[in-house]
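A short write-up of the structure that comes next.
The values are calculated or read from the model by the stated rules, or taken from the named source; none is laboratory data. If you're wondering where the values come from, they're calculated on a predicted model, not measured in any experiment. Quick reminder, even Gly has a Cβ in these numbers, built from the backbone with ideal geometry, and neighbours come from all protein chains shown. Heads up: the accessible areas ignore ligands, DNA and RNA and are worked out on the full protein's heavy atoms, side chains in. Shrake-Rupley method; radii C 1.70, N 1.55, O 1.52, S 1.80 Å.
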Amino acid sequence: MQHIIDRFISYVTVDTESDPNSNTTPSTAKQWDLANQLVEELKQIGLQEVTIDENAYIMATLPSNVDHEVPTIGFVSHFDTTPDFTGANVKPQIIENYDGKDIVLNAVQNIVLSPAYFEDLLLYKGQTLITTDGTTLLGADDKAGITEIVSAMEYLIQHPEIKHGKIRVGFTPDEEIGRGAHKFDVEKFGCDWAYTMDGSQIGELEYENFNAAGAKITFKGKSVHPGYAKGKMINSMLLANEFISALPENEVPERTSDYEGFFHVHHLNGSIEETVLQLIIRDHDKDLFEARKELIHTIATKINNQYAKQFGEAICIAEVKDQYYNMREKVEPVFHIVEIAEKAMKEVGITPIIKPIRGGTDGSQLSYKGLPCPNIFAGGHNFHGKYEYVPVESMVKATEVIVKIAELTAQK
């Protein structure tokens, strides 16, 4: 277990925050730091065909050790962390034999990880938790997944008595900004199917995810001296507020669950003359997803019509771009790949939790690129913020699941 702890900490202490405003791949130069470290480690543990391309996509091979024909499978994780919260200077804290009580992450700032608020903590009483120090995220999303894949490959190399087919490993940049699979070479990867190790709670097994789009709404305005502004000033910030108020009040992340979709306003920057609103659109159902996108344009049109005479041109410009789609359509025709993962979990003593992802993974885009790719738990909780933590025992079990999937896939 200490080996997994050490490996995980060696990853999370490297800052790999991605940047949605960058046009490069990877979107930040610092992602190369961990990428290059991973390449050397994959070579060190004994994997073959270890490659990294000009965009920092890493691939490696564990050759088959059986004589009969076996499907080639892959395991994929991403090494970037979200720009939603800083990932610089991560200082992990190790809580051994967790007692089920409040964990003081940062006494100076009075930041407390409490089971009264995060009740999932109580699932891990008696286990070893790795937390933040309250000032950064942890990076278990998805460095826990990388830890598990590397550890599983190392275990299989050290235990050749475990029979398996050819296994491919893939690590990607920029997943957190929706680009993780954009330049992933599926043909080069050469797998029949793969699994992303990018889920949360132990036992999670997912083959459904949101259809996703991002929207950028630009509002124009007219600045006039406020003392003489009647009938003349147009405050673009108030237009943005009008737009937000026209969205369904209860269809937001904090008021939805399961298959319920939402609109999520995540950035708002403005002045009287111009305000830019950014939001994401999510829904599992394709028709509802399309309706949500159409609502954005309907609200924009209404505002434009309202101010057409006063402003003389479009005052609200809505740009909506699809990001990824529900992988269920691509996974269901090969559902045995989900059943193999489910069986693997059961054989290592885990109760599978099959549910839709309220988000997306590289697997959703990879599935549409021809690589069916369900998602398996990596073990972390409270991603994208200072309350993030991961139970070490969950990472150990995820490693065991990878090994067992490899073994089951190779059985005649």
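Testing residue 351 on (1) open to solvent by 30 Å² or more (accessible area, probe 1.4 Å); (2) under 26 Å from residue 252 (Cβ atoms); (3) not acidic (Asp, Glu), one condition comes back false. Which one is that?
Looking at each condition in turn, residue 351 falls short on (2).
Please give the number of the condition residue 148 fails out of (1) part of a helix (DSSP H, G or I); (2) more than 30 Å from residue 66 (Cα to Cα); (3) touching a helix residue (DSSP H, G or I) at 6+ places or on another chain (Cβ under 8 Å).
Among (1) part of a helix (DSSP H, G or I); (2) more than 30 Å from residue 66 (Cα to Cα); (3) touching a helix residue (DSSP H, G or I) at 6+ places or on another chain (Cβ under 8 Å), the lone unmet condition for residue 148 is (2).
Which of the residues belonging to the stretch 251-262 are open to solvent by less than 50 Å² (accessible area, probe 1.4 Å) and either under 15 Å from residue 326 (Cβ atoms) or in contact with a helix residue (DSSP H, G or I) (Cβ under 7 Å, 6 or more places away or on another chain) (or both)?
261, 262 - these are the residues of the stretch 251-262 that are open to solvent by less than 50 Å² (accessible area, probe 1.4 Å) and either under 15 Å from residue 326 (Cβ atoms) or in contact with a helix residue (DSSP H, G or I) (Cβ under 7 Å, 6 or more places away or on another chain) (or both).
Looking at 109, 93, can you tell me which residue is more than 25 Å from residue 181 (Cβ to Cβ), surrounded by fewer than 18 Cβ atoms within 10 Å (Cβ to Cβ) and under 24 Å from the mean Cα position of the chain (by Cα)?
Working: 109 fails: under 24 Å from the mean Cα position of the chain (by Cα).
Testing whether each residue is more than 25 Å from residue 181 (Cβ to Cβ), surrounded by fewer than 18 Cβ atoms within 10 Å (Cβ to Cβ) and under 24 Å from the mean Cα position of the chain (by Cα) leaves just 93.
Could you tell me whether any residue of the stretch 329-346 is over 30 Å from residue 124 (Cα atoms), modelled with pLDDT of 95 or more, β-branched (Val, Ile, Thr) and within 20 Å of the chain's Cα centre (by Cα)?
Looking for residues that are over 30 Å from residue 124 (Cα atoms), modelled with pLDDT of 95 or more, β-branched (Val, Ile, Thr) and within 20 Å of the chain's Cα centre (by Cα), one finds at least one in the stretch 329-346, hence yes.
Return the residues of the stretch 155-203 that are of a type in the set (D, E, K, R), within 22 Å of residue 334 (Cβ to Cβ) and touching a Gly at 6+ places or on another chain (Cβ under 9 Å); say none if nothing qualifies.
Across the stretch 155-203, the qualifying residues are 166, 168, 187, 192, 198.
Results for (1) free of Cβ contacts under 8 Å to residues at least 24 places away in the same chain; (2) over 14 Å from residue 216 (Cα atoms); (3) buried (at least 17 other Cβ atoms within 10 Å of the Cβ), shown as yes or no for each residue.
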residue: 243; (1), (2), (3): no, no, yes
residue: 249; (1), (2), (3): yes, yes, no
residue: 281; (1), (2), (3): no, no, yes
residue: 285; (1), (2), (3): no, yes, no
residue: 291; (1), (2), (3): yes, yes, no
residue: 302; (1), (2), (3): no, yes, no
residue: 308; (1), (2), (3): yes, yes, no
residue: 340; (1), (2), (3): no, yes, yes
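Kindly indicate which of 174, 141, 133 is open to solvent by 10 Å² or more (accessible area, probe 1.4 Å) and touching a residue at least 60 places away in the same chain (Cβ under 8 Å). Spell out how you get there, then give the answer.
On the way: 174 fails: open to solvent by 10 Å² or more (accessible area, probe 1.4 Å); 133 fails: touching a residue at least 60 places away in the same chain (Cβ under 8 Å).
Result of the check over 174, 141, 133: 141.
Among the residues of the stretch 2-13, is there at least one that is closer than 20 Å to residue 143 by Cβ, assigned to a loop (DSSP other than H, G, I, E, B) and in contact with a Lys or Arg (Cβ under 9 Å, 6 or more places away or on another chain)?
We begin by selecting, within the stretch 2-13, every residue closer than 20 Å to residue 143 by Cβ; these are 2-13.
Still in the list and also assigned to a loop (DSSP other than H, G, I, E, B): 13.
Keeping just the survivors that are in contact with a Lys or Arg (Cβ under 9 Å, 6 or more places away or on another chain) gives 13.
There is at least one residue in the stretch 2-13 that is closer than 20 Å to residue 143 by Cβ, assigned to a loop (DSSP other than H, G, I, E, B) and in contact with a Lys or Arg (Cβ under 9 Å, 6 or more places away or on another chain).
Considering only residues that are in a loop (DSSP other than H, G, I, E, B) and not aromatic (Phe, Trp, Tyr), which ones fall in the stretch 320-349?
Within the stretch 320-349, 326, 327, 348, 349 qualify.
Considering the stretch 44-82 alone, what residues qualify as being in a helix (DSSP H, G or I) and either open to solvent by less than 50 Å² (accessible area, probe 1.4 Å) or in contact (Cβ under 8 Å) with a residue 12 or more places away in the chain (or both)? Working first, answer last.
First pass over the stretch 44-82, keeping only residues in a helix (DSSP H, G or I): 44-45.
Scanning the stretch 44-82 gives a single hit, 45.
Do the conditions hold for residue 24, that is, is it within 21 Å of the chain's Cα centre (by Cα), open to solvent by 10 Å² or more (accessible area, probe 1.4 Å), hydroxyl-bearing (Ser, Thr, Tyr) and farther than 24 Å from residue 136 by Cα?
Yes, satisfied.
Taking only pairs six or more apart or across chains, which ones have beta-carbon atoms under 6 Å, a first residue in the stretch 189-203 that is under 19 Å from residue 165 (Cβ atoms) and at pLDDT below 95, and a second residue that is aliphatic (A, V, I, L, M) and open to solvent by less than 10 Å² (accessible area, probe 1.4 Å)?
Pairs that qualify, where the first residue is under 19 Å from residue 165 (Cβ atoms) and at pLDDT below 95 and the partner is aliphatic (A, V, I, L, M) and open to solvent by less than 10 Å² (accessible area, probe 1.4 Å): there are none.
How many residues are open to solvent by 10 Å² or more (accessible area, probe 1.4 Å), in contact with a strand residue (DSSP E or B) (Cβ under 7 Å, 6 or more places away or on another chain) and part of a helix (DSSP H, G or I) when one looks only at the stretch 377-412?
Final tally of qualifying residues: 1.
Picking from 39, 112, which residue would you name as being touching a strand residue (DSSP E or B) at 6+ places or on another chain (Cβ under 8 Å), assigned to a helix (DSSP H, G or I) and β-branched (Val, Ile, Thr)?
Result of the check over 39, 112: 39.
Being touching a Gly at 6+ places or on another chain (Cβ under 9 Å), at pLDDT 95 or above and farther than 28 Å from residue 159 by Cβ narrows it down to one residue among 66, 90, 76; which is it?
90
Might you let me know whether the stretch 237-253 holds any residue that is closer than 28 Å to residue 357 by Cα, in contact with a Ser or Thr (Cβ under 7 Å, 6 or more places away or on another chain) and at pLDDT 95 or above?
Scanning the stretch 237-253, I find no residue that is closer than 28 Å to residue 357 by Cα, in contact with a Ser or Thr (Cβ under 7 Å, 6 or more places away or on another chain) and at pLDDT 95 or above, so the answer is no.
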